[in-house]
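Inspection log for the structure reproduced underneath, given as structure tokens.
The values are calculated or read from the model by the stated rules, or taken from the named source; none is laboratory data. What you are looking at is a predicted structure, and each value in this text was computed from that prediction instead of being measured. In this analysis, Cβ positions are derived from the backbone assuming ideal geometry, glycine residues included, and neighbour counts consider all displayed protein chains. Accessible surface is based on the protein model in full, side chains and every heavy atom, while ligands, DNA and RNA are left aside. Shrake-Rupley method; radii C 1.70, N 1.55, O 1.52, S 1.80 Å.
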Protein chains: 2
Amino acid sequence: MSVIGRRGLLHAGLLGAGAGATAAAGWGIGQALAQDGVPNSIANPVEVTGAEAEPVVGRLPGAQRMYMLPDGQGEHHRLGGLTMTRIARPQETNGGYELATFSGLSGAAMPRHAHLATHVAFLVMGGEVQLDLGDQSWTMQRGDFANIPPGTPYGWTMRSDRGKVALFMMSGRAGAAFAAMGRPATSAAPSGPVVAIDGDALQRGTEAGDFQLRPLNGPAPTPVRVSNLLLPATPGPYVLLDGGGERFGGNTFYARNANTGGQFLFIITEGGNAGPGIGAHFHARHTEDFFALDGETATWAYGKDVRIKSGDFIQAPPRHMHGFRMMQPYNRFVGFLTPGIFETFFTRGQPGRNGVGGRGAGEGAAPSPGGISNDAPPAAPPGVDIFRMLSNSGRGPDGYPLDVHGPTKPLPPQDPLWAAAARRAAAEPQRALEQRLALLEHVDSLCGGGALRTRAPLSAELKAALALKPKASDFV
Amino acid sequence: MSVIGRRGLLHAGLLGAGAGATAAAGWGIGQALAQDGVPNSIANPVEVTGAEAEPVVGRLPGAQRMYMLPDGQGEHHRLGGLTMTRIARPQETNGGYELATFSGLSGAAMPRHAHLATHVAFLVMGGEVQLDLGDQSWTMQRGDFANIPPGTPYGWTMRSDRGKVALFMMSGRAGAAFAAMGRPATSAAPSGPVVAIDGDALQRGTEAGDFQLRPLNGPAPTPVRVSNLLLPATPGPYVLLDGGGERFGGNTFYARNANTGGQFLFIITEGGNAGPGIGAHFHARHTEDFFALDGETATWAYGKDVRIKSGDFIQAPPRHMHGFRMMQPYNRFVGFLTPGIFETFFTRGQPGRNGVGGRGAGEGAAPSPGGISNDAPPAAPPGVDIFRMLSNSGRGPDGYPLDVHGPTKPLPPQDPLWAAAARRAAAEPQRALEQRLALLEHVDSLCGGGALRTRAPLSAELKAALALKPKASDFV
């Protein structure tokens, strides 16, 4: 592989890295499809506006609206040695899903159980965690993921003193079960004593919601460090190493419709800060959540500039206007979309190799539609409605146009913070090399300097991908 | 096969047919298992008593309590050409499941859709119904069944003017979706006009609950008459012909935990009227529903004698005392148990062949515990607590003793109807031959005179089973 080859790869990869230079033609939006059989409520949805549309910041709203919770805030419960913090409850999601984190000192555990009707997406946020899943046991760290369909026995044990996991739970009945096992608490921080959840408490959980004990029959399996990088094409439980999954542009699927029965998409979106971000839009038939992991992302939440860093959460329910822009050299967040009707939008991105590269502008590196004015009062909806073109460029599994829409009404007053950040970015040097090096460092930690290098055998494809990995000297 | 052999089979089969003569030793309840690690709330549950325990009869109670709804009653809605009648709603089930029937004239249809988090048990109650399931299409009649896990596309079309299906839905969010597609109605009866549910109505359903359109891509498959008799050992969608399933004694699984992820058991219980029935007991951790198909079953509902015939429904929530006795020469009902922790109880019955025979006393032909006194004020709990012995004789998938318990408190005053029926039965001739012939006629309709005989090839096992089928001349 020549140096030119490496440079060529970099060029192609970084052009899309937030640069907003992807041609619209590449997305197949040059021509609109026919609207046959599309009911008016789907073809012409209207966004929520006014006070109801404004985000609630810093507290659980108790209703299905746009809101942001900083890391560590929510409704706290103490279960045995675990601290649960509920971040999205049924009253915030119309009963559709829940999100909670569990933190604990080494040894704190949730015993092996199954949910009857709750599909769980399990993400390690920190520390070392042992996940028992079916008949196997896994050692997991930050960024590692597990897909846990209903009926799958699972449980976890913290193996370090800052263990923390996040559970996206696809029903309105699992959080109540966990909460019923404990008592209200005042903080999300892990603390002692490390005690087991007793049998009567577990039974209270079973009575309160979707929780069934599933003790292991037979000897306990030896925990194995997660190594899988490949997204299965079929349903069933699986684990993914941080950086694995199925990549399209800056978006990597940790779970697709094929893995979740259409219930949700679990997407890792990563990228730099060179691009203009994604303009104001809304989804009429699915909820989009942002759960931050790295860097800082400025979300445009009905006019407000709401920043999210690691552990911060934002929900954008159906028909709530939102947008975002990444602020640091490297940024990463979970995009959790339910139901998964928007999958086709993301699969149009450039397919990538697991754990390698990615061009990273978020939401498929779509061009900015200009729906957000950075430093002036917002303009009227632009003459060319790029979101309508996007919507009509394909169909979801429900047979209807893709569920994305630009504003139909005047936008709210612009948050000065949003405009100021845009002006500052424009005034600063481009910092291109720093940004590229930061991205490179991350890629290296994912696949070059970390666990990958120590595993054998590498597949031929992966070897080829590693050979393509650029060196710092390529940049000088 | 000699006549003696046939008689021997009959003898063994009919001894258990409601005669209550099964030895306790056959159930492995001779010795109690240890109680290690069983929390007190599970080892020693207490039943609901007093006014709260009494059944509500003839209306939806709006709360999770014992109630009986006669056929055709419930909450009615009109969706396109379909009439939906909600028989159990989230408020009656603590959000755990729902039951609704849909009736319609020929052509009335529910378009192809999927539920994201709702497992559906689909039972045809009448007429001819076309069920589209995944990429296949089935012609179904009364008693035919389909198991429809979340994410499976399905829809149905009535193919006769008295089409009726019952859907057990394993979440609290599907019924609301169906209801949102229509408008309130006053009757469960099918009626015209036969119109499609329009797109805006379908979208209202999607917004209100768990409903996602899944239009078919490609040509429509030709409907095929259901013929499968075998219960799969794995998850996934399937159809069963009336009379198929996995038989243990008088109970036949149409869906086991392996098919439902542990969410529910769908059991057809059938039998004659010679036995004393099942005495008063309760389950602490699962709900048991009775949904009648044939004959008449007298349920003992906290003292009240509540009869159910075809289409009648009774819910016994956790900790609600109930029992039953079959009243006609042939009786059949759906036993719907959720979650499926009680499966092990039923698999102790005598394994049978699909569609052939069955000894039919219900709930595994367990001996009557004497908890119900037929014609005198109820006695104190008997000295030998047979339900505790049963409970301790095995473990459910949650690792705890089987979830069945006898009364811990005095029983309520006995319904005179219950005692009178018992006295009348004792005074009448045994009608043994009539009962046997009725049972035989049913068996014959299931596997001898009906669809089975016309299908080829029969398996060797099935041929052997058919050869065993007794003739009327055996009885003289």
Meets criteria (part of a loop (DSSP other than H, G, I, E, B), at pLDDT 90 or above, under 30 Å from A:ILE197 (Cβ atoms) and among the charged types (D, E, K, R)) for B:ARG59 = no
Filter segment A:248-265 for residues that are away from chain B (no Cβ under 14 Å) and open to solvent by less than 10 Å² (accessible area, probe 1.4 Å); which is modelled with the lowest pLDDT?
-> A:GLY249
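Let's see how each residue does on (1) closer than 25 Å to A:PHE336 by Cα; (2) outside any strand (DSSP E or B):
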residue	(1), (2)
A:LEU123	yes, no
A:LEU131	yes, no
A:TRP138	yes, no
A:ARG142	yes, yes
A:ALA176	yes, yes
A:VAL195	no, yes
Here the residues within segment B:97-121 that are open to solvent by less than 10 Å² (accessible area, probe 1.4 Å), more than 12 Å from chain A (Cβ to nearest Cβ) and not in a strand (DSSP E or B) are B:ALA108
For segment B:141-171 the number of residues that are open to solvent by 10 Å² or more (accessible area, probe 1.4 Å), within 20 Å of the chain's Cα centre (by Cα) and within 12 Å of chain A (Cβ to nearest Cβ) is 2
Would you tally the residues in segment A:216-247 being modelled with pLDDT under 95 and within 14 Å of chain B (Cβ to nearest Cβ)?
-> 6
For segment A:208-224, enumerate the residues that are surrounded by 15 or more Cβ atoms within 10 Å (Cβ to Cβ) and either assigned to a loop (DSSP other than H, G, I, E, B) or not assigned by TED's automatic domain parsing to the domain that holds A:ARG173 (or both).
-> A:GLY209, A:ASP210, A:PHE211, A:ARG214, A:PRO215, A:LEU216, A:PRO223
Determine whether A:GLY205 is part of a helix (DSSP H, G or I), in contact with a helix residue (DSSP H, G or I) (Cβ under 6 Å, 6 or more places away or on another chain), crowded, with 21+ Cβ neighbours inside 10 Å and touching a residue at least 12 places away in the same chain (Cβ under 8 Å).
-> yes
Restricting attention to segment A:259-282, does a residue exist that is more than 30 Å from B:ALA201 (Cβ to Cβ) and acidic (Asp, Glu)?
-> yes
Confirm whether B:ARG183 is basic (Lys, Arg) and more than 14 Å from every other protein chain (Cβ to nearest Cβ).
-> yes
Would segment B:337-355 turn up any residue that is in a strand (DSSP E or B) and at pLDDT 85 or above?
-> yes
List every residue pair whose Cβ atoms sit under 9 Å apart, with the two residues 6 or more apart in sequence or on different chains, where the first one lies in segment B:389-401 and is within 15 Å of B:HIS283 (Cβ to Cβ) and open to solvent by less than 20 Å² (accessible area, probe 1.4 Å) and the second, anywhere, is at pLDDT below 80 and in a helix (DSSP H, G or I).
-> B:LEU390/B:ALA24; B:LEU390/B:TRP27
Does segment A:191-213 contain at least one residue that is more than 13 Å from chain B (Cβ to nearest Cβ), under 23 Å from A:HIS119 (Cβ atoms) and among the hydrophobic types (A, V, I, L, M, F, W, C)?
-> no
Within segment A:87-96, is even one residue more than 22 Å from B:ARG173 (Cβ to Cβ) and β-branched (Val, Ile, Thr)?
-> no
In this structure, does A:ARG388 turn out to be modelled with pLDDT under 80 and not in a loop (DSSP other than H, G, I, E, B)?
-> no
Scanning for something under 13 Å from B:MET110 (Cα atoms) and open to solvent by less than 40 Å² (accessible area, probe 1.4 Å), does segment B:181-194 turn up at least one residue?
-> yes
Does at least one position in segment A:6-24 carry a residue that is modelled with pLDDT of 50 or more, open to solvent by 70 Å² or more (accessible area, probe 1.4 Å) and either within 26 Å of A:GLN414 (Cα to Cα) or not aromatic (Phe, Trp, Tyr) (or both)?
-> no
Of (1) within 14 Å of chain A (Cβ to nearest Cβ); (2) surrounded by fewer than 21 Cβ atoms within 10 Å (Cβ to Cβ); (3) of a type in the set (S, T, N, Q), B:THR338 fails just (2)
From the set of residues in segment A:266-281 that are modelled with pLDDT under 95, part of a strand (DSSP E or B) and not aliphatic (A, V, I, L, M), which is nearest to A:ALA121 (Cα to Cα)?
-> A:THR269
Within segment B:294-317, the residues that are part of a loop (DSSP other than H, G, I, E, B) and within 17 Å of the chain's Cα centre (by Cα) are B:GLY295, B:GLU296, B:LYS309, B:SER310, B:GLY311, B:ASP312, B:PRO317
For B:GLN91, work out the one condition from (1) in a helix (DSSP H, G or I); (2) within 14 Å of another protein chain (Cβ to nearest Cβ); (3) open to solvent by less than 10 Å² (accessible area, probe 1.4 Å); (4) not hydrophobic (A, V, I, L, M, F, W, C) it doesn't fulfil.
-> (3)
